[in-house]
1. Output the residues belonging to the stretch 91-150 that are in contact with an Asp or Glu (Cβ under 9 Å, 6 or more places away or on another chain) and among the basic types (Lys, Arg).
2. With (1) surrounded by fewer than 11 Cβ atoms within 10 Å (Cβ to Cβ); (2) modelled with pLDDT under 85; (3) under 25 Å from residue 25 (Cβ atoms) as the list, and residue 156 as the residue in question, which single condition is left unmet?
3. List pairs: first residue in the stretch 85-113 and in contact (Cβ under 8 Å) with a residue 40 or more places away in the chain, second residue of a type outside the set (Val, Ile, Thr) and outside any helix (DSSP H, G or I) anywhere in the structure, Cβ distance under 7 angstrom, at least six positions apart or on different chains.
4. Yes or no: residue 21 part of a helix (DSSP H, G or I), surrounded by 17 or more Cβ atoms within 10 Å (Cβ to Cβ) and modelled with pLDDT of 90 or more?
5. Residues being within 24 Å of residue 143 (Cβ to Cβ) and surrounded by 14 or more Cβ atoms within 10 Å (Cβ to Cβ): count how many of those fall in the stretch 3-18.
6. Under the condition of being basic (Lys, Arg) and over 18 Å from the mean Cα position of the chain (by Cα), which residue from the stretch 1-34 is farthest from residue 89 (Cα to Cα)?
7. Answer yes or no as to whether residue 120 is within 23 Å of residue 26 (Cβ to Cβ), assigned to a helix (DSSP H, G or I), among the hydrophobic types (A, V, I, L, M, F, W, C) and modelled with pLDDT of 85 or more.
8. In the stretch 35-78, which residue that is acidic (Asp, Glu) and at pLDDT 80 or above is nearest to the chain's Cα centre (by Cα)?
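The values are calculated or read from the model by the stated rules, or taken from the named source; none is laboratory data. All values derive from a computational prediction rather than experimental measurement. Methodologically, a virtual Cβ is constructed for each residue, glycine included, from the backbone with ideal geometry; neighbour enumeration extends over all protein chains shown.
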Amino acid sequence: MSEKINAFIDKVLTKIHLIKFREIIIYVIVGGLTTVVDWVVFWLLDKIISPVALPDIIKLITPNIIPYTIAWFAAVVFSFFANKLLVFRYGKGNNAKTFVGFLVSRILSLAIAIAFDIVLTSEIVGICMNKYVVKLISSVVVVIFNYVVGKWVVFRKSKKTEDVQEQTEPEQTSEEKTDE
């Protein structure tokens, strides 16, 4: 299924002369969809879990920890498969090992988001910004962090894999070459 989706994406991007930016374009789209998953789950849980009694110390430090964490996990699962299959086209690597690496990098992302939440919304620091504005700011930082870690650490291909992929990519037409 992912091969058909990737072929369609490649065909569209080739047609509009953006194939050389494929990875970035698809990463931005997948990142946007991941953000939608994260925000929808966060919003739903904020409406459901907000009334749940949390210890006062947790409310004081980071009142949004439960919605942040569950929304983060839903987004991680979606993002792993979308990045693996569509963005980095990682193929048949060791899924468990790759997922663990992906999960560790995303735990760092969660820590970044929670740090933003603590610093910018908690009563202890005294800034008390709107939690959705803080989530927006942290989302931008996290997306950039995730791309760098995904590309250079988690879904890094060996030189042998890159050589095979270059040999299997379609040759550009003379029209496409002149457009560059």
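1. 131, 135 - these are the residues of the stretch 91-150 that are in contact with an Asp or Glu (Cβ under 9 Å, 6 or more places away or on another chain) and among the basic types (Lys, Arg).
2. That leaves (1) as the condition not met.
3. So the pair list comes out as 88/155; 90/155; 98/90.
4. Considered against the rule, which asks whether it is part of a helix (DSSP H, G or I), surrounded by 17 or more Cβ atoms within 10 Å (Cβ to Cβ) and modelled with pLDDT of 90 or more, residue 21 comes out as no.
5. Looking only at that region, the number is 4.
6. Only one residue tops the list, namely 15.
7. no
8. Looking at residues that are acidic (Asp, Glu) and at pLDDT 80 or above, I get 38.
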